[in-house]
Amino acid sequence: MPRYHLTTFGCQMNAHDSERMRGLLASLGYDEAPERDAADLIVFNTCTIRGSADERFMGNLGEARRIKRENPDVVVAVGGCWAQSQKEDVFRDFPFVDIAFGPGEVNRLGELLARERIQAVGAFTFDGMFSGDLPSLRERPHQAWVQISVGCNCVCSYCIVPSVRGRESSRPWQAVLDEVAAQAADGVVEVTLLGQNVNSYGRDLPAGDRRTFAELLAAVAEVPGIARVRYTSPHPKDIRDDVIAVHRDVPEVCRHIHLPAQSGSSRVLKAMRRTYDRERYLALVGRIRDAVPDIALTTDLIVGFPGESDDDFADTLSLVREAGYDGAYTFVYSPRPGTEAGKQMSDDVPPEVKSHRISALIETVQHTARQRLSRHVGTVQDVLVEGPSRTDATRLSGRTTHNVTVNFTGEAPAGAIVPVRIVRSTSTTLAGDMAQVPEPAGAA
Ligand code: 5AD
Ligand code: SF4
């Protein structure tokens, strides 16, 4: 049997696309190789969101070049966003690469492999554009990703994603529900709906066959067997009150929203073309908290965007405190080729200022998150068990509806949802003990 080795970079979209690549390769008769050196086919699923993503990939690609030099029969395939951003230049600049395909072309991997005469293509047609329509090899039996849309119609001035992932296109809602039903039948209890901007879902679907994102969320939550529904990422400009109401009214929809703010300064937000300002963002946070008081909010923040002053940065720090995030991903601005900011704005915040700001931001986020997570101490939380804890195999690990990891004592199988009494917290995790499940009424 031929063997492949796959390395994944980037976001959950890519992680999900990689499950599809695994499924596709398995159905074409490939086995997985334990390491790159042992593979007949080396696949990379790449990211290009920041310069650092490109650099990390370059190191890995260099290793593939060495392997190919030693064994010219090895096939090197590069998929994902970096591949898309390079277009045909890939083959000119990296002649040892045999196959390149973009993030919308996962379904073409098999066809491209056939063209390389590695393996005859089996029973597939390759005209689907949603990788969700392909076979999948899931990493976790009880949790699954579900693609609901591809592409992005936003024009955030720093972001390369729209140029590599293309215009937004929603997957028909029935296909989404069918996939979730099949996953539930296969033991999945938690699904995460994936899209570049999930809450503009459905706007491009034909009028008679359209569902809003809120309707889709509620429908997914009704699929028998599905106990938890998550999604990522929404754009704050598109969160409507009907989505907030679903979080309030539908218990399966988790008490967590990842709400990328990017900056706390209205001036910077305008230059980023985010289409909301600080006040509108905070008003949205207020509406969410009024409707679902205990909800967890997390975010993405960028420091060092072109022209970001000390005052702008201070606005980002104060946004973290005002919004009260349970966690945040923090990034240093990185100019990307082809983006508005990359082309037209000078990357004028000095590296030492960027580095000072990211440290200060991380500290503020940790402080706020620590305070927020401490509210759980003394409560009993429903935890979806994922398996043994990574740091201590005698304990279990799982997540709360707020998406916080809990390490706890007790015995329960992966996939079960169990009550856990929380006894300690840090800025990112909780610790506790499995609580007694109350005896059913009338039991002896
Ligand atoms: N530089 C730094 N961070 C970026 N992001 C997107 N583009 C850039 C860039 N050019 C961040 C945003 C986005 C997250 C996925 O990556 O915060 O939400
Ligand atoms: Fe994901 Fe963006 Fe990276 Fe592509 S460039 S893998 S969409 S984070």
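Suppose we look only past 16 Å in the calculated P(r) of segment 3-115. What percent of the Cα-Cα pairs does that tail hold?
For segment 3-115, the fraction of Cα-Cα distances above 16 Å is 55 percent.
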Q.
Give me the dipole magnitude in Debye, nearest 20, for the chain about the Cα centre, with unit charges on the beta carbon: positive for Lys and Arg, negative for Asp and Glu.
A. 540 debye
Q | P(r) histogram, all alpha-carbon pairs of the chain included - 20 Å bins from 0, percent | A | 23, 56, 21, 1
Q. What do you get for Rg/Rh of segment 377-434 when both radii come from the Cα atoms and Rh is the Kirkwood radius?
A. 0.90
Q: Output the peptides 358-366, 29-37 sorted from most to least packed, where packing is the average of other Cβ atoms within 10 Å over each peptide's residues.
A: 358-366, 29-37
Q: Using a 1.4 Å probe over the heavy atoms of the protein chains, calculate the carbon and sulfur portion of the accessible area of segment 1-117 as a whole percent.
A: 44 percent
Q: Search the structure for amide H atoms under 5 Å from the amide H of Arg424, placed 1.01 Å from N in the peptide plane, and list their residues when 5 or more places away or on another chain.
A: Ala431
Q: Starting from the amide H of His256, placed 1.01 Å from N in the peptide plane, find each other amide H under 5 Å away whose residue is 5 or more places distant or on another chain.
A: Ala296
Q.
Could you derive backbone 3J(HN,Hα) for segment 138-145 from the dihedral phi with the Karplus parameters 6.51, -1.76 and 1.60 (θ = phi - 60°), listing whole Hz in sequence and x where the residue is Gly or Pro?
A. 6, 6, 10, x, 9, 10, 9, 9
Q. Considering only DSSP states other than H, G, I, E and B, which trypsin sites (Lys or Arg not before Pro) in segment 127-186 qualify as loop sites with at most 10 other Cβ atoms within 10 Å?
A. Arg167
(Q) With unit charges on the beta carbons (Lys and Arg positive, Asp and Glu negative) and the dipole taken about the Cα centre of the chain, which residue among Gly59, Val97, Pro236 sits farthest to the positive side? (A) Pro236
Q: Over segment 377-434, average the accessible area per residue using a 1.4 Å probe and give it in Å², no decimals.
A: 47 Å²
Q: Mind telling me which of Tyr158, Tyr333, Tyr231 comes out most flexible in a GNM of the chain, alpha-carbon contacts under 10 Å?
A: Tyr333
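Kindly provide the helix-only [θ] at 222 nm of the chain, computed as the sum of -39,500 (n - 2.57) over DSSP H runs of four or more divided by all residues, to the nearest 500 deg cm²/dmol? Intermediate values should be presented prior to the final figure.
Values: 14 runs with 152 residues, N = 444.
So the calculated ellipticity at 222 nm is -10500 deg cm²/dmol.
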Q: Name the long-range amide H neighbours of Asp204: under 5 Å, sequence gap of 5 or more, or other chain; modelled H, no Pro or chain starts.
A: Ser170
Q) Straight-line reach from Lys354: which lysines have a Cα under 22 Å away, not including same-chain ones fewer than 8 places off? A) Lys270, Lys343
(Q) Sequence gap at least 6, Cα distance under 8 Å: using those rules, report the relative contact order of the chain to the nearest whole percent. (A) 10 percent
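The values are calculated or read from the model by the stated rules, or taken from the named source; none is laboratory data. The model shown is predicted, which means the values in this text are computed figures rather than measured ones. A quick note on method: Cβ atoms are made from the backbone with ideal geometry, for glycine too, and the neighbour counts reach across all protein chains shown. Remember, those area values only see protein heavy atoms, side chains included, never the ligands or the DNA or RNA. Shrake-Rupley method; radii C 1.70, N 1.55, O 1.52, S 1.80 Å.
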